[in-house]
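Participant: Sending over a structure as structure tokens; questions will come in a sec.
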Amino acid sequence: MLESWLESYDPGTLFDERGALVPELAALAPRGERRMGANPHANGGRLLVDLDLPRFRDYAVQVPAPATVHRESTRQLGEMLRDVFVRNRERTNFRLFCPDETNSNRLSSVFEAERRCLVQRRLDIDDHVAPDGRVMEVLSEHLCEGWLEGYLLTGRHGLFATYESFAMVSASMTVQHSKWLQESRELEWRAPVASLNILLTSTCWRNDHNGFSHQGPGLIDVMLSKRGTVARIYLPPDANSLLSVADHCLRSRNYVNLIVIDKQPQLQWLTIEEATEHAARGASRWSWASTDGGGVPDVVLACAGDTPTLETVAAAWLLRQLAPELRVRVVNVIDLMTLFTPDVHAHGMSEAQFEELFTRERPVVFAFHGYRYAVHQLVHGRPDPARFHVRGFMEQGTTTTPFDMVVMNEMSRFHLAALALRHSSLAAERTAPLIAELEERIRDAVRYSREHLQDQPEVRDWSWTTSVGLGGRSQ
């Protein structure tokens, strides 16, 4: 039966006496780039053309002084992405992928220049849609992630923006792309492709009306487990830092870049020049918020993420009033991978750089955007890692006020200030009443939010120049 089936193809007319295809059939095979394995679209890096990027500094927020101006940071990025579309219109090599949340994530400026892709029949209620639109918006993280991967692998550029918690829906796809990138780097013939850029917003700390289901920073942990050759995690604290990071990521190749920042109005910390320098360093001492005079501090207040930065700087401000003799250093980390040792990640700080920021032996109170144990993983191998006292998201969430969220997860400015006092070298009789006052302030904040369904004005409206301290007392 097998022989009869094979002979039904009449092999004598297909092959010569040597078993080779007859010339007229061999001539039908594709040649050159028409072969599947040689098709340049299957090795998209060969077709890749650099994006024509606008000057990110042109979209900067003016910051006359730290912590005095509020902005929706991602809205500044939206204005920059609008002009990325404009400048690359002829190339048609950039798309934004977003699961039904472009406006929600404050990226709506892109619709001044581009449309959502819709190939179905249009309705009168449709908003900014066209068959050739380059904003791919559909409520499926899997589709958005997969579309972007295919777009990159065929030699184009893009950005996937999504609510932070729902990035976990497509996390396994991000992992597989990371693995592919890692292996493709070992193949000389495989040309580099544009990086997979993921913007996470609507974060666990500021969901407001969405609640516990929308609170989960887990993709950070997923990416921390990937090889340092491909994984990058950025936590810009404000708009200008975000612009600098986004410009870098859109220029990069062969990485998975994870950018995490919230969409809600937030205090702005750095001028565009300071933000650019800070992003290049990856982590910096903020002298204006510190009281160590450039010398050895008694305690280091460190932070990574926009909400942790707010609470940390506010804690440093409180400590200036409560214990002015305490030498405090504020360190902000924007490139999370700098905390790794250099043998683990290319961005890892040298031992000398790490000690310059965090000292070798002083206590460090670290406020972190994600799950707290990630920081312990990062500083493993550093001098005396047990001195790092980390606060972060610990699966405590609900539909509540922004400050109540940090209280629930023990990362409020009052928690951080109390932790700094508790681990400082100040005498117990000095710190005990101060810690008790801070703990009472936490209880006051919770009571107020329960009664008024919003945070206390002195918390909600805090800025660096605020002259109101504990209990609303004028300072």
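The values are calculated or read from the model by the stated rules, or taken from the named source; none is laboratory data. Keep in mind that this is a model prediction, so the values were computed, not measured. In this analysis, Cβ positions are derived from the backbone assuming ideal geometry, glycine residues included, and neighbour counts consider all displayed protein chains.
Participant: Considering the range 146-196 alone, what residues qualify as being among the polar types (S, T, N, Q), within 23 Å of Tyr371 (Cβ to Cβ) and either modelled with pLDDT of 95 or more or not in a helix (DSSP H, G or I) (or both)?
Facilitator: Once the filter is applied, which keeps residues that are among the polar types (S, T, N, Q), within 23 Å of Tyr371 (Cβ to Cβ) and either modelled with pLDDT of 95 or more or not in a helix (DSSP H, G or I) (or both), the range 146-196 yields Thr162, Ser170, Ser172, Thr174, Gln176, Ser178.
Participant: Given the condition touching a helix residue (DSSP H, G or I) at 6+ places or on another chain (Cβ under 8 Å), of a type in the set (Asp, Glu) and assigned to a loop (DSSP other than H, G, I, E, B), answer yes or no: does some residue in the range 78-97 qualify?
Facilitator: Within the range 78-97, none of the residues are touching a helix residue (DSSP H, G or I) at 6+ places or on another chain (Cβ under 8 Å), of a type in the set (Asp, Glu) and assigned to a loop (DSSP other than H, G, I, E, B).
Participant: Another one. Take the range 190-241 and flag every residue that is of a type in the set (Gly, Ala, Ser) and surrounded by fewer than 24 Cβ atoms within 10 Å (Cβ to Cβ).
Facilitator: Within the range 190-241, Ala191, Ser195, Gly211, Ser213, Gly216, Gly218, Ser225, Gly228, Ala231 meet the criteria.
Participant: If you don't mind, another one. In the range 322-353, what residues are in contact with a strand residue (DSSP E or B) (Cβ under 9 Å, 6 or more places away or on another chain) and either assigned by TED's automatic domain parsing to the domain that holds Ser225 or β-branched (Val, Ile, Thr) (or both)?
Facilitator: Selection gives Val328, Val330, Val331, Val333, Ile334, Thr338.
Participant: Something else now. Return yes or no: is Glu101 assigned to a loop (DSSP other than H, G, I, E, B), more than 23 Å from the chain's Cα centre (by Cα) and within 24 Å of Val61 (Cβ to Cβ)?
Facilitator: Answer is no for this residue.
Participant: When you go through Ala374, Ala367, Ala323, Ala352 one by one, which is the residue that is of a type outside the set (Val, Ile, Thr) and within 18 Å of Gly293 (Cβ to Cβ)?
Facilitator: Only one candidate passes the filter, namely Ala323.
Participant: Kindly establish whether Gly45 is closer than 21 Å to Glu149 by Cα, under 44 Å from the mean Cα position of the chain (by Cα) and surrounded by fewer than 10 Cβ atoms within 10 Å (Cβ to Cβ).
Facilitator: Criteria not met by Gly45.
Participant: Among Phe354, Phe366, which is the only one that is farther than 16 Å from Leu235 by Cα, of a type outside the set (Val, Ile, Thr), surrounded by 19 or more Cβ atoms within 10 Å (Cβ to Cβ) and at pLDDT 95 or above?
Facilitator: Of Phe354, Phe366, the one residue that is farther than 16 Å from Leu235 by Cα, of a type outside the set (Val, Ile, Thr), surrounded by 19 or more Cβ atoms within 10 Å (Cβ to Cβ) and at pLDDT 95 or above is Phe354.
Participant: If His209 meets every condition in (1) modelled with pLDDT of 95 or more; (2) assigned to a loop (DSSP other than H, G, I, E, B) apart from one, which number is that one?
Facilitator: Among (1) modelled with pLDDT of 95 or more; (2) assigned to a loop (DSSP other than H, G, I, E, B), His209 violates only (1).
Participant: Does the range 373-384 include one or more residues that are part of a helix (DSSP H, G or I), farther than 22 Å from His278 by Cβ, assigned by TED's automatic domain parsing to the domain that holds Asp292 and among the aromatic types (Phe, Trp, Tyr)?
Facilitator: yes
Participant: Related question: Go through (1) among the hydrophobic types (A, V, I, L, M, F, W, C); (2) surrounded by 15 or more Cβ atoms within 10 Å (Cβ to Cβ); (3) over 21 Å from the mean Cα position of the chain (by Cα) one by one and return the number of the condition Leu123 breaks.
Facilitator: With respect to (1) among the hydrophobic types (A, V, I, L, M, F, W, C); (2) surrounded by 15 or more Cβ atoms within 10 Å (Cβ to Cβ); (3) over 21 Å from the mean Cα position of the chain (by Cα), Leu123 is out only on (2).
Participant: Does the range 368-416 hold any residues that are of a type in the set (Ser, Thr, Tyr) and more than 29 Å from Gly348 (Cβ to Cβ), and which are they?
Facilitator: Of everything in the range 368-416, those that are of a type in the set (Ser, Thr, Tyr) and more than 29 Å from Gly348 (Cβ to Cβ) turn out to be Thr398, Thr399, Thr400, Thr401, Ser412.
Participant: Now a separate question. Could you tell me how many of the residues in the range 396-413 are out of contact with any Asp or Glu (no Cβ under 6 Å at 6 or more places or on another chain), among the charged types (D, E, K, R) and part of a helix (DSSP H, G or I)?
Facilitator: 1
Participant: Mind listing whichever residues of the range 63-109 are without any contact (Cβ under 8 Å) to a residue 24 or more places away in the chain and under 17 Å from Ile272 (Cα atoms)?
Facilitator: Pro64
Residue-by-condition table, conditions (1) over 30 Å from Gly155 (Cα atoms); (2) among the basic types (Lys, Arg); (3) modelled with pLDDT of 95 or more:
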residue	(1), (2), (3)
Asp16	yes, no, no
Gly19	yes, no, no
Ala29	no, no, no
Gly32	no, no, no
Arg35	no, yes, no
Leu48	no, no, yes
Arg55	no, yes, yes
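Participant: Sticking with this structure for a sec: Select, from Trp189, Trp180, Trp147, Trp205, the only residue that is within 17 Å of the chain's Cα centre (by Cα), assigned by TED's automatic domain parsing to the domain that holds Ile233 and among the hydrophobic types (A, V, I, L, M, F, W, C).
Facilitator: Among Trp189, Trp180, Trp147, Trp205, only Trp205 is within 17 Å of the chain's Cα centre (by Cα), assigned by TED's automatic domain parsing to the domain that holds Ile233 and among the hydrophobic types (A, V, I, L, M, F, W, C).
Participant: Additional query: Does the range 336-355 hold any residues that are more than 17 Å from Ser225 (Cβ to Cβ) and in contact (Cβ under 8 Å) with a residue 24 or more places away in the chain, and which are they?
Facilitator: Within the range 336-355, Thr338, Met349, Glu351, Phe354, Glu355 qualify.
Participant: While we're looking at this one, here's another question. When the residues of the range 80-102 are filtered to those that are surrounded by 18 or more Cβ atoms within 10 Å (Cβ to Cβ) and acidic (Asp, Glu), which remaining residue is farthest from Asn210 (Cα to Cα)?
Facilitator: Asp83
Conditions (1) without any contact (Cβ under 8 Å) to a residue 40 or more places away in the chain; (2) of a type in the set (A, V, I, L, M), marked per residue:
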position	(1), (2)
Ala171	no, yes
Gln176	yes, no
Trp180	yes, no
Ser184	no, no
Leu187	yes, yes
Arg190	no, no
Val193	no, yes
Leu199	no, yes
Cys204	no, no
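Participant: Being part of a helix (DSSP H, G or I), in the same structural domain as Trp462 (by TED's automatic domain parsing), under 29 Å from the mean Cα position of the chain (by Cα) and of a type in the set (A, V, I, L, M, F, W, C) is true for just one of Leu434, Leu416, Leu421. Which residue is that?
Facilitator: From the options Leu434, Leu416, Leu421, the qualifying one is Leu416.
Participant: Looking for something acidic (Asp, Glu) and either part of a loop (DSSP other than H, G, I, E, B) or loosely packed, with under 11 Cβ neighbours inside 10 Å (or both) - is there at least one such residue anywhere in the range 25-42?
Facilitator: no
Participant: I'm trying to understand the selection: among the residues of the range 225-260, which are farther than 16 Å from Glu183 by Cβ, touching a helix residue (DSSP H, G or I) at 6+ places or on another chain (Cβ under 9 Å) and among the small types (Gly, Ala, Ser)?
Facilitator: Ser225, Ala239, Ser241, Ser244, Ala246
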